[in-house]
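Peer 1: Could you have a look at this structure, given as structure tokens, before my questions?
The values are calculated or read from the model by the stated rules, or taken from the named source; none is laboratory data. Computed from a prediction, not measured in an experiment: that's the story for all the values here. Neighbour counts are summed over all protein chains in view; Cβ atoms, including those assigned to glycine, are modelled from backbone coordinates with ideal geometry.
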Amino acid sequence: MARIIYGVQGEGRGHSSRSKIIIEHLLQQGHDVKIFTSHKGYDYLSTIFDDVTNILGLGFVFDGGKLDISKTLQQNLQDGTIDAGKTMYLLYKTFKEFQPHLAITDFEPFVPYLKGLGNIPFLSINHQHIISQYHLEYPYKWRADYLRAKTIVDNMYWFADHYYVTSFYYPRAREMFRKKSTLIPPILRNEVQDRKLADNGPILIYATTTDARMVLDVVQKTKYQYIGYGFDEGSGTKGNITFKKTGTGEFLDDLASAAAVVTNGGYTLMSEAICLGKPVYSIPIRRQFEQMVNGYYLEKLGFGLYDLVPIRKRFLMFLEGLPYYRKNMRNDHSRRQGNTRLFKALDRKIEEIRLP
């Protein structure tokens, strides 16, 4: 069986949630996997797997509900100056002792450079490379945000043997990536797939930014009931909103029964909601192009609406259109989960490696 080093971007929860599913599959196949991650990724994965190492990770700085590019760069440069050398030495030491056959990364920037130490195969699995490897549609006024995001993604790493790009929308690949980049439908957690579905529960709101939380003033004036996660209110009820503290089990139950979902433009929850047939009202983080383009395609596909700042008239349009969005999702078979497809692709790649 193969010895694998697996890097996971630690910012947010989406990368680590997806990586958990894939790592569990690799372990079930009998492979030996060492995990390197940071921040929330380490906090999460270290409670599930034994062999998890905490390393330097990228962070993001937000100001007034939008991504602050200059402060983000400043913070990462300061942290990187101190810890990058330590992280690379730790990876080098692990490489020499572990002698991996393969490196995989979910947008973690250090593990890819193991390829140069022993010319081992290197695979990339994430959503972000859709920005740099595929022809995307977006409003022209987002051009500067797109170019910034593309520059960042291009420079994270550019030498993977193959890229598996998870997505609920399927744009055309750029010419140079048509043979080495594959679009994969969303990877769903077993906990999500196993839930009994309904669409008669309260609308689920998951909001962590200032702009997204502005939706409270909008929803309180509607006839629907809501469950809110990610707010400072803790638990309790305010008007037609029941606030809850984030907890995976109860959250997924509420997602499975929700009439619809209100969230930012983060890929993981949005894609899970779509796969479960839940219409989405998206409030992407401004200047974070990945979230913005996710919202754009959500609306283009007829699965919901997006606004960079909540607009009451548009939200009421969203509520009126719930049957229309559900019908579109029922008729779109491409939104189904891609777990099996990705697992088979990884198994084939590992079989191609000449193990000693």
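Peer 1: Report yes if E272 is within 19 Å of I205 (Cα to Cα), acidic (D, E) and buried (at least 22 other Cβ atoms within 10 Å of the Cβ), otherwise no.
Peer 2: yes
Peer 1: Has the range 293-305 got at least one residue that is at negative phi, assigned to a helix (DSSP H, G or I), out of contact with any Phe, Trp or Tyr (no Cβ under 8 Å at 6 or more places or on another chain) and in the same structural domain as A212 (by TED's automatic domain parsing)?
Peer 2: No: the range 293-305 contains no residue that is at negative phi, assigned to a helix (DSSP H, G or I), out of contact with any Phe, Trp or Tyr (no Cβ under 8 Å at 6 or more places or on another chain) and in the same structural domain as A212 (by TED's automatic domain parsing).
Peer 1: Any idea how many residues of the range 286-325 are crowded, with 24+ Cβ neighbours inside 10 Å and of a type in the set (A, V, I, L, M)?
Peer 2: 2
Peer 1: Okay, moving on. Which number in (1) surrounded by fewer than 21 Cβ atoms within 10 Å (Cβ to Cβ); (2) in the same structural domain as Y224 (by TED's automatic domain parsing); (3) of a type in the set (A, V, I, L, M, F, W, C); (4) not in a loop (DSSP other than H, G, I, E, B) marks the one condition that F343 misses?
Peer 2: (2)
Peer 1: Something else about it: Does I120 fit the bill of being modelled with pLDDT of 85 or more, in a loop (DSSP other than H, G, I, E, B), within 27 Å of A345 (Cβ to Cβ) and in contact with a Leu (Cβ under 7 Å, 6 or more places away or on another chain)?
Peer 2: yes
Peer 1: Another one. For the range 138-157, give me each residue that is more than 16 Å from Q9 (Cα to Cα) and either without any contact (Cβ under 8 Å) to a residue 24 or more places away in the chain or among the basic types (K, R) (or both).
Peer 2: Passing the criteria: Y140, K141, R143, A144, L147, R148, K150, T151.
Peer 1: OK, next. Within the range 267-288, identify whether any single residue is in a loop (DSSP other than H, G, I, E, B), polar (S, T, N, Q) and either touching a Ser or Thr at 6+ places or on another chain (Cβ under 8 Å) or closer than 26 Å to T209 by Cβ (or both), and answer yes or no.
Peer 2: Yes, that holds for at least one residue.
Peer 1: Under 8 Å by Cβ, and 6 or more places apart or on different chains, what pairs join a residue from the range 286-301 that is of a type in the set (S, T, Y) with one that is modelled with pLDDT of 95 or more?
Peer 2: Sorted first by the residue in the range 286-301, then by its partner, the pairs are Y296/E137; Y296/Y138; Y296/P139; Y296/Y306; Y297/E137; Y297/F168; Y297/Y169.
Peer 1: Considering only the range 201-214, how many residues are out of contact with any helix residue (DSSP H, G or I) (no Cβ under 7 Å at 6 or more places or on another chain) and either among the hydroxyl-bearing types (S, T, Y) or closer than 20 Å to G321 by Cα (or both)?
Peer 2: 5
Peer 1: If we keep just the residues of the range 141-179 that are hydroxyl-bearing (S, T, Y) and modelled with pLDDT of 95 or more, which is farthest from R348 (Cα to Cα)?
Peer 2: Among those residues, the one meeting the criterion is Y146.
Peer 1: Something else now. Checking L346 against (1) touching a Lys or Arg at 6+ places or on another chain (Cβ under 8 Å); (2) in contact (Cβ under 8 Å) with a residue 60 or more places away in the chain, which single condition isn't satisfied?
Peer 2: If we test L346 against (1) touching a Lys or Arg at 6+ places or on another chain (Cβ under 8 Å); (2) in contact (Cβ under 8 Å) with a residue 60 or more places away in the chain, just (1) comes out false.
Peer 1: Please identify the pairs in which a residue from the range 312-339 that is part of a helix (DSSP H, G or I) has its Cβ atom under 8 Å from the Cβ atom of a residue that is loosely packed, with under 13 Cβ neighbours inside 10 Å and modelled with pLDDT under 95, counting only partners at least 6 apart or on another chain.
Peer 2: Going by the 8 Å Cβ cut-off, the qualifying pairs are R312/K221.
Peer 1: Run K349 past the list (1) out of contact with any helix residue (DSSP H, G or I) (no Cβ under 8 Å at 6 or more places or on another chain); (2) crowded, with 19+ Cβ neighbours inside 10 Å; (3) within 30 Å of N119 (Cβ to Cβ) and report the number of the one that doesn't hold.
Peer 2: (2)
Peer 1: Under the condition of being part of a strand (DSSP E or B) and over 12 Å from the mean Cα position of the chain (by Cα), which residue from the range 6-48 is surrounded by the fewest Cβ atoms within 10 Å (Cβ to Cβ)?
Peer 2: Per the stated criteria, the residue is D32.
Peer 1: In the range 226-250, what residues are under 19 Å from G14 (Cβ atoms) and in contact with a strand residue (DSSP E or B) (Cβ under 6 Å, 6 or more places away or on another chain)?
Peer 2: Y229, G230, T246
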